[in-house]
């Protein structure tokens, strides 16, 4: 509801701005035309044309070309758009006023091109400059928020962190106390030790290799499976080509924890968790679904703080580079995450 309110307010600001431009333009230029009807049509034509070029530049050319360092292509398309739009506007204006424009290079045509091409160039460029400043300020704000959240996370981590050497020494002591015949208990303790080592020493980096994150997820799933009996089915599938790139550490584990926390406990049918991770054209595709009991409804309850936190991290760290969808039915809860990794 809050996002919808912001979106509506943002769009209303755009509408108010262009209505203001339309009124001001008409007030300053209506006397140049023989009738008010023609003045209104010409003003609508010019303002609509200008608005279209501003939005094409700000929401298409800048993010897809300028921000991707395709400078020559950006300049070429920008100039081509100005020229094509200006010429179309000149001929449309001639049709409205009843004075069609000929292709001859007359003084009148030169004046029209000067008034349209030059003015459009600077007006659209001004709109692009405003968008660049706006994007820069948003990026700075996002960086401040990321830095603040990282500092808060590190502070909370330090508050709860035990002495690592003491902890690992204790785990090693417990490991050797376990009877050698109890291979399952030893393997479980070893996995727990590796997970703890990953959290303490490796997850502090800004980004880590995907292979390490996958190994952490696998160790977590293996440990959780020890607590389940034959009525629980856990599948973890990932393709061999998931390697060679880095992601934010501990980004995926909240989804897996959530699935195990809220899995159903039916006695008459199988309870399941299915986790799939793949990669296609530089996009990581993460999907996980778990069975749930009918009475445990609402995405909000099942999601809890963990999913709220990871949703916020995705917004800050992968703006415009991720798609997160969460769906729920009476008996199924599923999460799909698409993440651009290149």
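Just checking, does segment 49-65 include any residue being surrounded by fewer than 13 Cβ atoms within 10 Å (Cβ to Cβ) and within 24 Å of residue 20 (Cα to Cα)? Checked against the condition, which is being surrounded by fewer than 13 Cβ atoms within 10 Å (Cβ to Cβ) and within 24 Å of residue 20 (Cα to Cα), segment 49-65 yields at least one hit.
Of the residues that sit in segment 255-281 and are touching a residue at least 60 places away in the same chain (Cβ under 8 Å) and in a strand (DSSP E or B), which one is nearest to residue 337 (Cα to Cα)? Result: 277.
Based on this model, can you work out whether residue 176 counts as at pLDDT below 70, loosely packed, with under 11 Cβ neighbours inside 10 Å and not assigned by TED's automatic domain parsing to the domain that holds residue 313?
So residue 176 fits the description; yes.
Counting the residues of segment 222-254 that are over 22 Å from residue 311 (Cβ atoms), in a helix (DSSP H, G or I) and touching a residue at least 24 places away in the same chain (Cβ under 8 Å) gives 3. Restricting attention to segment 222-252, and to residues there that are buried (at least 18 other Cβ atoms within 10 Å of the Cβ) and over 27 Å from the mean Cα position of the chain (by Cα), which single residue is nearest to residue 150 (Cα to Cα)? Among them, the one singled out is 224.
Residues checked against (1) loosely packed, with under 14 Cβ neighbours inside 10 Å; (2) at pLDDT 90 or above; (3) touching a strand residue (DSSP E or B) at 6+ places or on another chain (Cβ under 9 Å):
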site: 265; (1), (2), (3): yes, no, yes
site: 273; (1), (2), (3): no, yes, yes
site: 283; (1), (2), (3): no, yes, yes
site: 287; (1), (2), (3): no, yes, yes
site: 298; (1), (2), (3): yes, no, yes
site: 322; (1), (2), (3): no, yes, yes
site: 325; (1), (2), (3): yes, yes, yes
site: 338; (1), (2), (3): no, yes, yes
site: 341; (1), (2), (3): no, no, yes
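This table checks each residue for (1) at pLDDT 90 or above; (2) assigned to a helix (DSSP H, G or I); (3) assigned by TED's automatic domain parsing to the domain that holds residue 321; (4) under 29 Å from the mean Cα position of the chain (by Cα).
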| site | (1), (2), (3), (4) |
| --- | --- |
| 16 | no, yes, no, yes |
| 30 | no, yes, no, no |
| 44 | no, yes, no, no |
| 76 | yes, yes, no, yes |
| 92 | no, yes, no, no |
| 114 | no, yes, no, no |
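For residue 119, the stated conditions do not hold, so it cannot be described as modelled with pLDDT of 75 or more, under 30 Å from residue 41 (Cα atoms) and surrounded by 15 or more Cβ atoms within 10 Å (Cβ to Cβ).
The values are calculated or read from the model by the stated rules, or taken from the named source; none is laboratory data. The structure displayed is predicted, hence computed values, not measured ones. Quick reminder, even Gly has a Cβ in these numbers, built from the backbone with ideal geometry, and neighbours come from all protein chains shown.
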